[in-house]
Number of protein chains: 2
Amino acid sequence: MAAHSVYSYLLLCNAITLLLVSPCCVGLGLDTVRDFLTREEDTIVFSLIERAKHPLNLPAYEEHAWFGPDGRRHNDSFAELFVRESEQIQAKAGRYQSQEEIPFFHSRVPFTLAPPYNFTTDLYPGAASVNVNDVIWGIYFNELLPLLAKNGDDGNYAVTAASDLACLQALSRRINYGRYVAEVKFRGDQQRYTALIGSKNKDALMKLLTSEAQEDVVKRRVEKKAMVLGQDITLDGPTETGDTNSGQSSFKVAPSVVYKLYDQWVIPLTKNVEVDYLLHRLD
Amino acid sequence: MAAHSVYSYLLLCNAITLLLVSPCCVGLGLDTVRDFLTREEDTIVFSLIERAKHPLNLPAYEEHAWFGPDGRRHNDSFAELFVRESEQIQAKAGRYQSQEEIPFFHSRVPFTLAPPYNFTTDLYPGAASVNVNDVIWGIYFNELLPLLAKNGDDGNYAVTAASDLACLQALSRRINYGRYVAEVKFRGDQQRYTALIGSKNKDALMKLLTSEAQEDVVKRRVEKKAMVLGQDITLDGPTETGDTNSGQSSFKVAPSVVYKLYDQWVIPLTKNVEVDYLLHRLD
């Protein structure tokens with residue numbers, strides 16, 4: 001057997017073993033996960049910049065605050081109603097067939113609108129539904145939004161709420177992707193994780209999942225992304241590259257806000273998802 | 001009367017005159033219009049980059065191609081169904097109360113979801129509904145999308161179609177904003193425009209509206225925006241500033257595609273909207 005044939009044979013054996021051991025994990029690896037998370041940073045920064053284009057538009061968020069043209073008093077905020085109804089369409093369109101997407105409001109709408117597709121499942125079924133959407137919802141509206149949007153009311157509540165939905169979906173996808181991170185880490189060191197899961201040792205799991213150096217890189221990178229992606233780009237003027245001394249006010253979203261978002265919410269919440277997922281990984 | 005009082009008095013008289021002459025035009029000026037169009041460039045480039053994240057997902061665009069789980073054959077493409085249903089929710093939420101927004105599919109859904117708001121109207125009522133959404137629809141799906149998305153099918157049709165909707169809405173808002181451009185230009189030179197509108201002289205109107213030097217600036221600026229906003233941003237590596245020699249492949253959307261989009265479609269279509277608007281400006 002020629003050398004390249006032996007190599008092909010070994011590769012084939014490897015592939016078969018992989019398929020037999022865990023039929024769901026083809027394609028999921030540390031590199032895939034890292035690339036996904038890095039690309040999602042851009043999506044998150046884009047969505048924040050787009051939301052910051054609009055004023056706060058407070059009436060969109062007040063509960064029990066208004067009567068519809070149908071004379072009915074609305075008990076939920078406009079933004080909540082908008083997200084609910086939009087998610088129903090997206091559910092009908094099959095968005096939540098993919099495990100990467102988790103709605104904020106569950107509904108039992110059948111996927112009547114979606115062309116069929118056989119999705120692969122990378123996650124362990126007993127842990128796949130772990131998510132922190134309720135926490136994300138609260139943080140987005142109560143903590144993040146006031147840091148993004150300037151005071152003001154231009155009445156464009158539907159456009160604003162569509163922007164909110166884009167931010168919420170991007171944050172939800174990124175943070176709940178902790179399930180995939182945990183799955184990959186679990187597969188890479190099954191023995192150690194199995195012991196800690198068995199003893200329900202949350203603190204030790206959290207410690208094992210944490211890399212402060214890597215987290216620091218991510219936080220500084222998203223801050224730089226806010227600078228580069230949120231600058232005013234002109235043909236002649238110098239382009240901000242993140243090495244600038246100019247004030248935060250020249251950016252569409254303050255880079256410090258994006259740093260804070262990752263430091264205080266995105267990274268800690270992702271790790272909470274990872275730990276929760278692992279605690280259900282052997283159910 | 002002190003000097004500053006005289007100045008205040010003159011300002012007040014000016015404001016009153018403005019209100020009496022055209023009660024709808026407060027806030028609309030050449031600077032506002034230019035700022036709006038420049039800011040929309042970022043929104044368009046963001047939306048294209050986000051669509052390019054996903055593969056082409058052809059089954060989402062094929063007509064007469066699939067049966068729903070309800071056993072019914074779908075005559076429209078999935079993407080069209082998705083846009084129709086999403087626009088209905090947005091109509092209900094009052095998106096189209098603002099003249100800046102024009103749906104691709106008209107429906108008679110009442111604004112039952114929207115908190116009330118009194119929108120100002122900057123456009124001349126007889127010309128306000130001028131738009132080229134049908135043309136934008138065709139160009140987007142037939143010309144632009146194949147240049148953006150790589151071949152492939154990951155089954156995430158709902159996410160993909162939501163991305164398409166974001167692109168379509170951004171392009172529609174930008175191109176149909178030609179109505180505002182035309183309104184401002186008309187107000188700035190009423191005599192000349194009135195004569196050309198009276199003689200329905202389309203060619204002369206088009207010539208009067210055209211500034212090739214300004215169009216060239218816009219095209220080169222959006223090309224640069226595609227470079228800056230579509231680069232891979234790392235902490236250590238050099239940041240692309242648009243002065244780079246690196247190939248188009250390192251950007252998330254080819255800058256040449258964004259140049260072409262503006263050169264062949266956005267700018268010419270905007271001017272068509274301007275001319276059409278003006279032809280109805282004295283109806």
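The values are calculated or read from the model by the stated rules, or taken from the named source; none is laboratory data. As the structure is a prediction and not an experimental result, all values here were calculated from the model. Neighbour counts run over all protein chains shown; Cβ positions are idealised from the backbone, glycine included. Areas reflect the complete protein model, heavy atoms only, side chains present, ligands, DNA and RNA absent. Shrake-Rupley method; radii C 1.70, N 1.55, O 1.52, S 1.80 Å.
Only one of the listed residues (B:Glu50, B:Glu63) is open to solvent by 10 Å² or more (accessible area, probe 1.4 Å) and at pLDDT 95 or above. That residue is B:Glu50. Taking the criterion of being facing chain A (nearest Cβ under 8 Å) and open to solvent by less than 30 Å² (accessible area, probe 1.4 Å), the residues of the stretch B:114-145 that qualify are B:Ala114, B:Pro115.
Of all residues in the stretch B:169-186, none satisfies the criterion of being farther than 26 Å from B:Gly126 by Cβ and either away from chain A (no Cβ under 13 Å) or touching a Leu at 6+ places or on another chain (Cβ under 6 Å) (or both).
The residues in the stretch A:228-254 that are within 23 Å of B:Lys219 (Cα to Cα), surrounded by 15 or more Cβ atoms within 10 Å (Cβ to Cβ) and modelled with pLDDT of 95 or more can be counted, and the count is 7. A:Val109 fulfils the conditions (1) closer than 30 Å to B:Tyr61 by Cβ; (2) among the β-branched types (Val, Ile, Thr); (3) in a helix (DSSP H, G or I) except for a single criterion, (3). Report yes if A:Asp164 is within 13 Å of another protein chain (Cβ to nearest Cβ), assigned to a loop (DSSP other than H, G, I, E, B) and among the acidic types (Asp, Glu), otherwise no. Judged against the criteria, A:Asp164 is not a match.
No other residue among B:Gln97, B:Gln90 is in contact with a Gly (Cβ under 9 Å, 6 or more places away or on another chain) and either facing chain A (nearest Cβ under 10 Å) or of a type in the set (Lys, Arg) (or both) apart from B:Gln97. Of all residues in the stretch A:146-161, exactly one satisfies the criterion of being open to solvent by less than 30 Å² (accessible area, probe 1.4 Å), assigned to a loop (DSSP other than H, G, I, E, B) and more than 14 Å from chain B (Cβ to nearest Cβ), namely A:Ala149. Cβ-Cβ contacts under 7 Å between residues 6 or more apart (or on different chains), taken from a first residue in the stretch A:69-94 that is modelled with pLDDT of 85 or more to a second residue that is open to solvent by 60 Å² or more (accessible area, probe 1.4 Å), are listed as A:Asp76/A:Glu63; A:Ser77/A:Glu62; A:Ser77/A:Glu63; A:Lys92/A:Phe111; A:Gly94/A:Phe111.
Checking each residue in the stretch B:91-106 for being outside any loop (DSSP other than H, G, I, E, B) and closer than 23 Å to B:Tyr180 by Cβ picks out B:Ala91, B:Arg95, B:Tyr96, B:Gln97.
Look at B:Glu143 and say whether it is under 16 Å from B:Leu261 (Cα atoms) and in a helix (DSSP H, G or I). Taking the combined requirement at face value, the residue satisfies it.
Each residue in the stretch B:201-221 was checked for being open to solvent by 50 Å² or more (accessible area, probe 1.4 Å), in contact (Cβ under 8 Å) with a residue 24 or more places away in the chain and hydroxyl-bearing (Ser, Thr, Tyr), and 0 of them qualify.
Scanning the stretch A:114-128 for residues that are free of Cβ contacts under 8 Å to residues at least 24 places away in the same chain and in a loop (DSSP other than H, G, I, E, B) gives A:Ala114, A:Pro115, A:Pro116, A:Tyr117, A:Asn118, A:Phe119. Here A:Leu168 does not qualify as over 27 Å from B:Leu235 (Cα atoms), open to solvent by less than 20 Å² (accessible area, probe 1.4 Å) and under 22 Å from the mean Cα position of the chain (by Cα).
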